[in-house]
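The values are calculated or read from the model by the stated rules, or taken from the named source; none is laboratory data. Everything numeric in this text was worked out from a predicted model, so none of it was measured. Cβ sites come from the backbone with ideal geometry, for glycine too, and all protein chains shown count toward neighbours. Accessible surface is based on the protein model in full, side chains and every heavy atom, while ligands, DNA and RNA are left aside. Shrake-Rupley method; radii C 1.70, N 1.55, O 1.52, S 1.80 Å.
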Amino acid sequence: MKTAPKSVPNSAVPRHVAIIMDGNGRWARRRGLARIHGHREGAESLRAVLRACRTTGVAYLTVYAFSSENWARPRDEVNALMSLLVRFLRREEKELHDNRVRLRHIGRLADLPKTVQRELNRVMAATAGYEEHQLVLALSYGGREEIVHAARRIAQRVKQGDLDPDAVDAAVVAQHLYAPDIPDPDLMIRTSGEMRISNFLLWQLSYSELYVTDTLWPDFREREFAAALEAYAGRHRRFGKVEERNPRRARRRGAADRP
Ligand code: IPE
Ligand code: IPE
Ligand code: MG
C-alpha cells in the first residue's frame, strides 16, 4: 500500500470505492454548453480520481459510467457517450499499463456497440495480469439486472443437478454476480447531491458507507476525493453490532469471554 494523504491514517483507507459519477449535464448547462462537454470534462475527473486511488492506496475503484436506464437517453447523447468511452480507453491504456492497473467490466457487455466491446476486451485482456489496483467500469449496468443474472445462473445449476436448492445462501448468490472476486465497496460516493442509488450495486452496497456531495462530477478532483476519504476515516462501521466505546476494555472482556 502506498502512503495516504496526511489527514487520513492508512488503516482507514477504503479498499474499494464505488462512485456514481453524476452531474455532467448540469455542469454543462450552467456554462451554456451541450451535455457532451460535461461528459468530456467528467472523463478528466475519472482520470484524476484513478490517479488519487493509486497515491492513497485504494485498491478497487468501481465507477458507474452508463446505467441500464441510460439507454433511454436521446440517441445523440448515447452515441456521444459511447465514442467518448472508446476514446477514454485508447487514451488511458498506456497509463493503465504504466501503473499496473487492471481494467474490469460489470454489466451487459453484449448491449454495447461492437467498437466499445472490442476496445474493452482488448484493454481488459492486456491488463489482466495486474492485481494491485483495479478499475471496474459499470457499463450498461443495473443492480437488478445483475441479481436477475445471478438468479438465472443459479436456477440453471439447480436444474442440471449441480446445486442443491437448500445450499443457496448469500455466499452462493454473491458467487454468481458479475465480479465475484471483488470485495464489496467500503465507500460509495455520489456527486451532484442526489440522494438515491439509481440501480447501482444493489447487492454489494448493503454495508457500504455513503458519501453524497453537491459537487458536480466534472468538478470532483483530487481534493474532493481526499475530503471523501477523510469523511470515511471518521465513520464508525458497526455492521449491526454494538459499538465498543473502550477498545482496551473490549479486548480484556474478549479475553475473559474465551473458554
Ligand atoms: C452522469 O451525468 C453521466 C451519466 C449518467 C452517463 P448526467 O448526464 O446524469 O448529468 P445530470 O444528472 O443530467 O446533470
Ligand atoms: C446514474 O445517474 C447513472 C450514472 C451515473 C451512470 P443518472 O443521472 O442516470 O441517475 P438518475 O436518473 O438521476 O437517477
Ligand atoms: Mg444524472
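Results, tabulated for the structure shown:
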item	result
Segment 67-82, residues that are exposed (fewer than 15 other Cβ atoms within 10 Å of the Cβ) and either of a type in the set (G, A, S) or touching a residue at least 60 places away in the same chain (Cβ under 8 Å) (or both)	E69, W71, A72
Scope segment 186-230; condition among the basic types (K, R) and over 15 Å from C53 (Cβ atoms); matching residues	R190, R196
Matching residues in segment 21-62 - criterion: being in contact with a Leu (Cβ under 6 Å, 6 or more places away or on another chain), within 11 Å of ligand 2 (Cβ to nearest atom) and open to solvent by less than 20 Å² (accessible area, probe 1.4 Å)	G23, H39
Residue count for segment 79-125, restricted to those that are under 25 Å from A150 (Cα atoms) and either in a helix (DSSP H, G or I) or of a type in the set (F, W, Y) (or both)	11
Restricting segment 8-20 to residues that are open to solvent by less than 30 Å² (accessible area, probe 1.4 Å) and within 14 Å of T62 (Cα to Cα), the residue that is nearest to ligand 2 (Cβ to nearest atom)	I20
Condition broken by A48, with the remaining ones in (1) without any contact (Cβ under 8 Å) to a residue 60 or more places away in the chain; (2) in contact with a helix residue (DSSP H, G or I) (Cβ under 7 Å, 6 or more places away or on another chain); (3) away from ligand 3 (no atom under 16 Å from the Cβ) satisfied	(1)
